[in-house]
Every structure is written in structure tokens, then in C-alpha cells.
Amino acid sequence: RNYRSRTECRGDIQRLNASFLAIYESLIPPEEEKEKQKQLMALLDKHVTKEWPEARLFLYGSCANSFGFRKSDIDVCLAMGDADIDKAQILLKLADILKSDNLENVQALTRARVPIVKLMDPTTGISCDICVNNLLAVINTKLLRDYSKIDVRLRQLAFIIKHWAKSRGVNETYQGTLSSYAYVLMCIHFLQMRTPSILPCLQEMETTYKINVDNVECCYFDKVEKLEGFGSRNSESIAQLVWAFFNYWAHSHDYANDVISIRTGSLVSKRAKDWTRRIGNDRHLICIEDPFEVSHDLGRVVDKRSIRVLREEFERAAEIMQYDPNPCVKLFEPY
Ligand code: ATP
Ligand code: MG
């Protein structure tokens, strides 16, 4: 589509696979970390069920979606059943209860965009944020985890892209760049769009999992163990995929017209979603549709300044992947 779009990858691309895989391996959390998380969850669960016998705790975010690095904090959702509760009051109560145990820095942040209780557990060294009734995040966490089980190249690619975004300072939603969640959606979409495709579109398949959360119908095919080998007709390596990912976002993506959508496994037009104009603070300069909250654009944090920063970073990464003799150093250089 774009005249600058490259179709021809450098000849020595396969030489780079080992370095990308080594970076991926170095970021994977060790098994002990899972054990420590379970230990902290058990402690929190004990306190919560004592006060609210009907309530349940769920892990969400990077500690549960399989895209978390080692030494990550954990995100926990307290599900109260009743939707009509005063979240601030619950969080203040929860903070009180947890302060009485051996936990450090317990704070209720009731005015935050997503109100939470923060704390640090000195026994395991894990920090944690607890929110109330954010069940859509629990469900999209499951969707991401299910996708990651289909083809290992998703987890490899997403780790490399998240590591790049963190190194280059473009994983800061408060500065107008994208969340880790948005980057993972970009990776899933990218792998759905390869020919032959490396990932299927689970939401277009037979429904095997269905739940209604906050009036959003979430349904998709979650028997992913049946999809083993789905991507095997495509033999692209991690280095080729990293190259193609950056090349796509630097030179091929049509920012003016297209929305990426893992829900449909294809591109959707901005016009069809009525995302062509700025409404309030939503400028839709890069459009990433949430798989369940379809009116929600994960790119809405991006503004006139930060879209330039982002696109320049994609272009820089694409140049490095095409020409640099040693991309694994330059790509992740601190900004
Ligand atoms: P990191 O490793 O950077 O901590 P993370 O996977 O925890 O990454 P975040 O972007 O911090 O990613 O988001 C945590 C979780 O919150 C996501 O997995 C997702 O379930 C949910 N989430 C985050 N942002 C949104 C959003 N804008 N809309 C819906 N859910 C979101
Ligand atoms: Mg997180």
C-alpha cells in the first residue's frame, strides 16, 4: 500500500534468531515466582473470605496472561458479586484489614482512574495492586493466555516487543504511548494476518466459553488444546516476525483508515466504527479495538505529539532490523 513498504527482508535474517530467543528466555519468570504469587494470593484470600464470604479473588494482567516478565508486580481483582457496591468504601475496609497483617505500604488509592489498594508483601517480596469488580480485565487476561497457548511465537514476539517498548520509553500510557495490553493485541493481530496465519480468530469460531460481564457478552472458542499445530504451515522464525512487525507499523499500516481488531481477525475501517473524528479526548490516531469492549480504542491515550514519537520509534526499529549488523543491541538501547 505504501510505496516505502518493503517486501524484501535482509538476506542474513536467520542469523538473528538465536539472539532474540536468548533475550526471550532471559525475560521468562522462573517457576519459584509462581509459587510466591500463590502464597501471597492464599494470604489475601484468607483475609478477604473472612470479611466477605461471597467474594472471590482473581489474578489478571501480566502475572496471569503469560506475557509477564520476571520480577513483575501482580494485579488482583476482588470480585464482589454485587455490582452496586461503593468501591471506595470496600477498598478502605480492605486496606484496614490488610494493615493488621504483616504487609507493608498498604494504601487505598480511591481517587485513581482505576481505584486500588496497593501493598508490598515482605515475605515474598511481591508488590500488588488490588482493584474491585474489574471483571472484563480478568476475562481479557484469559483470552490473551489462551492465544499464547496456540503458538509459542506469540509469546516470543510479544516479549521482544514489550521489552523494546519498555527500553525505548513507549510503554507509558500517562505520556500518551501504549499499554502492554495494547502491544500484545498488536502482536496477536499481526500473527492472525500472516499468510498462512499463525493464529486463528477465536472469537469467530464456535463458542465454547461464554460469560456476560458488565453487559458485555464475551464468547469465544477456548478449547485451544485442540488447535495444537495451527500455525505449523507457516514456518516464519522469530527474527523474520520481529522484522515484519516493525516493517508493518513503520511502513504499511494505514493509520488514516484502519483499525486493528483481534475480534474479527482482520482490519476494520475507522469509518465503520465512527472513529474518524476526535470526540472528547479520543483522537483515534492509532486504532486498536478492545476484543470485548468494542467501542474502546486502546489507542485513545495517543495524542498529536506521542503519535509522532511512536511512529518514529517504529521507523527506527524497522531500519535497525533491516540494516544494523547487530540489531539486538541497538534495538533495545535505552532512549
Ligand atoms: P506489564 O508487564 O507492563 O505490567 P500488563 O500485562 O500487566 O503488563 P497492563 O497494560 O498493565 O499490562 O494491563 C494489565 C491488565 O489490565 C491487562 O492484562 C488487561 O487485562 C487490563 N487492561 C489494561 N489496560 C486496559 C484497557 N485500556 N482496557 C481494558 N483492559 C485493560
Ligand atoms: Mg501490570
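Couple of notes before you dig in:
- The chain, relative contact order [Cα under 8 Å, separation at least 6], %: 17
- Of the trypsin sites (Lys or Arg not before Pro) in region 125-193, those whose Cβ has at most 13 other Cβ within 10 Å and which sit in DSSP loop: none
- By definition, a body whose alpha carbon gyration tensor gives a ≥ b ≥ c is prolate when a/c is 1.5 or more and a/b is larger than b/c, and the chain fits this prolate description.
- Relative to the longest principal axis of the Cα atoms of the chain, the long axis of helix 180-192 lies at roughly 50 degrees.
- Other residues lying with their Cβ under 15 Å from the Cβ of Lys93 contribute a combined charge of -3, Lys and Arg counting +1, Asp and Glu -1.
- Anchor Lys50: lysines whose Cα lies under 21 Å away (excluding residues fewer than 8 positions away in-chain): Lys38, Lys87, Lys93, Lys99, Lys118
- Per residue, the chain exposes an accessible area of 48 Å² to a 1.4 Å probe, with every protein chain left in place.
- Rounded if a/c under 1.5, otherwise prolate or oblate - region 276-335, Cα gyration tensor axes: prolate
- Rg and Dmax of region 132-211, based on Cα coordinates, read 13.9, 41 Å.
- Percent of Cα pairs exceeding the 19 Å cut-off, where the set is region 4-54: 63
- Whichever lysines have a C-alpha closer than 19 Å to that of Lys226, once near sequence neighbours (fewer than 8 apart) are set aside: Lys142, Lys149, Lys210
- For Arg300, Arg271, the ranking by accessible surface with the largest value first comes to Arg271, Arg300, using a 1.4 Å probe.
- Cα long-axis angle, helix 87-99 against the chain (0 to 90 degrees, to the nearest 10): 70
- Computed over region 191-310, the P(r) tail beyond 26 angstrom holds 31 percent of alpha carbon pairs.
- In region 31-136, the convex hull through the Cα atoms has an average projected area of 6.5 nm², a quarter of its surface area.
- Protein accessible area in the chain, 1.4 Å probe - carbon and sulfur %: 48
The values are calculated or read from the model by the stated rules, or taken from the named source; none is laboratory data. Because the structure is predicted, anything quoted here is derived from the model rather than measured. Counting neighbours? That spans all protein chains shown, and the Cβs are built from the backbone with ideal geometry, glycine included. SASA here: full protein model, heavy atoms, side chains in, ligands and nucleic acids out. Shrake-Rupley method; radii C 1.70, N 1.55, O 1.52, S 1.80 Å.
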